[in-house]
Amino acid sequence: MPWWPTGARRFRMHRGSTFHLRHQSFSSSPIPIGLRSMAFHLPHLCAPSRMRGQFPDVPARRSVPRRRYAWGLLLVLLGGCVGSSAGESSPPVAVWGRRGISDGRFQKPRAMVIDRQDQIYIIDMTARIQVFDLEGNYLRGWQTPTHANGRPTGISIDRDGNILIADTHYFQVLCYSPEGTLLYKLGGTHGTQPGEFGFVTDVAQDSLGNYYISEYGEFDRIHKFSQDRQLIREWGGHGTEPGRFMRPQSIAVDNANQVWVADACNHRVQIFSADGELLRTWGGQGSEPGQLYYPYGLTLDGQGHVYVCEFGNHRVQKFTLDGESLGCWGRSGAQPGELAHPWAVGVSSTGRVFVLDSNNHRVQEIRL
């Protein structure tokens, strides 16, 4: 008997192949805390850098066995809010990518951005930057020059259309042309003094050309540099109080030059002025709509919405700018419509939404 039941629906996949997904309604109940604890141990990701070596690396996620009892178990235990309303399935528009190291394949991709020409730039654990069109067709790619110590975790587009890379384990930002020519570096010195970095997680630029760079480590802070790459100020620090961070994993700058930070291990979003003044914060740990569990990716669509992908809840949420949840999509798993520790979400110029399904080594286009 085939694993997929009757009534399956075909979905587009990269390079013309197809996938099948059953129409199915799911429970809106959140993932039980106990199940999350058994499946994945996350708190060590937020420990101060001096303690992180005491914890083992996160294990690779195993594929879900293709047996009917496993599918039923997922339906019962891993129900979450999916689609624009809880309790209703929302299948992906498309799924593309697969595990591998050849062109167009991924090895745990963990950073993504969409440029003004609607080309998608994705970084994976091989330190490759691969470029795709919105249909998942591979266009070109390159690799960071040095990556033995670790791989980048952040990427953005500057106001000139160049590619900014958070070269995490080399404590610097790399700037490339869209074709992959290295233009300049910012940073490169590990330390706690002004202008020095810990583990750089992300970078963004405002309309005036200022750079905002997030880091985690001893300080968990945000640095602001001028257009000519001179340090202006820094703010934050390791902690749970408003204005402090525990792994600021993703940042974005809106049209008013406000700085949005996905404060991952505090399970919240914090919004600051360009001078580092805390304006508001929302979120809070949990799996209900409006709550967050390790938010790793954050993007603004320019239409009054912010999309947040949750590494811990295996989902994407759409919010108003004031933090009201408008819907969520995804649950833990390996089938289309399911996610495994997503790291990033991106929105095209026409509003198409893509999520980086990191531990499934693929991209899913979704409606939310």
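The values are calculated or read from the model by the stated rules, or taken from the named source; none is laboratory data. In this text, all values refer to a predicted model and were calculated from it rather than measured experimentally. Note that each Cβ is placed from the backbone with ideal geometry, even for glycine, and that neighbours are counted across all protein chains shown. Ligands, DNA and RNA are excluded from the accessible area calculation, which covers all protein heavy atoms including side chains. Shrake-Rupley method; radii C 1.70, N 1.55, O 1.52, S 1.80 Å.
Using the heavy atoms of the protein chains alone and a 1.4 angstrom probe, what is the accessible area of the range 91-140 per residue in square angstrom?
Heavy-atom accessible area per residue stands at 37 Å².
Place the peptides 217-223, 177-183 in order of packing, highest mean first, counting for every residue the other Cβ atoms within 10 Å and averaging per peptide.
217-223, 177-183
Under a 5 Å amide H to amide H cut-off, with H placed in plane at 1.01 Å, what residues pair with Arg268 once short-range neighbours are removed?
Sorted by chain and number, the residues that satisfy this are Asp263, Gly284.
FRET efficiency for Gln117 and Asn255, Cβ-Cβ distance as r, R0 = 30 Å, nearest 0.05?
Given R0 = 30 Å and the Cβ-Cβ separation, E is 0.95.
Between Arg315 and residues 5 or more places away or on another chain, which pairs have amide H atoms under 5 Å apart, with H built 1.01 Å from N, and which residues are they?
Here Glu310 satisfy the definition.
Please identify every one of the trypsin sites (Lys or Arg not before Pro) in the range 301-368 that sits in a loop by DSSP and has no more than 14 other beta carbons within 10 Å of its own beta carbon.
The qualifying sites are Arg367.
How would you order 260-271, 200-211, 294-305, 134-145 from highest to lowest mean count of nearby Cβ atoms within 10 Å?
Result, highest mean Cβ count within 10 Å first: 260-271, 200-211, 294-305, 134-145.
Averaged per residue, what accessible area in Å² does the range 252-368 show with a 1.4 Å probe, protein chains only?
Using a 1.4 Å probe on heavy atoms only, each residue of the range 252-368 averages 28 Å².
Take Ser226 and Leu183, extend 7 Å from each Cα along the Cα→Cβ direction, and tell me the distance between the two endpoints in nm.
Each label point is offset 7 Å from its Cα along the Cβ direction, giving 1.9 nm.
Sorted by packing (mean other beta-carbon atoms within 10 Å per residue), highest first, where do 248-254, 93-99 land?
248-254, 93-99
Ignoring ligands, DNA and RNA, what percent of the 1.4 Å accessible area of the range 208-344 is carbon and sulfur?
With neighbouring chains kept in place, the figure for the range 208-344 is 41 percent.
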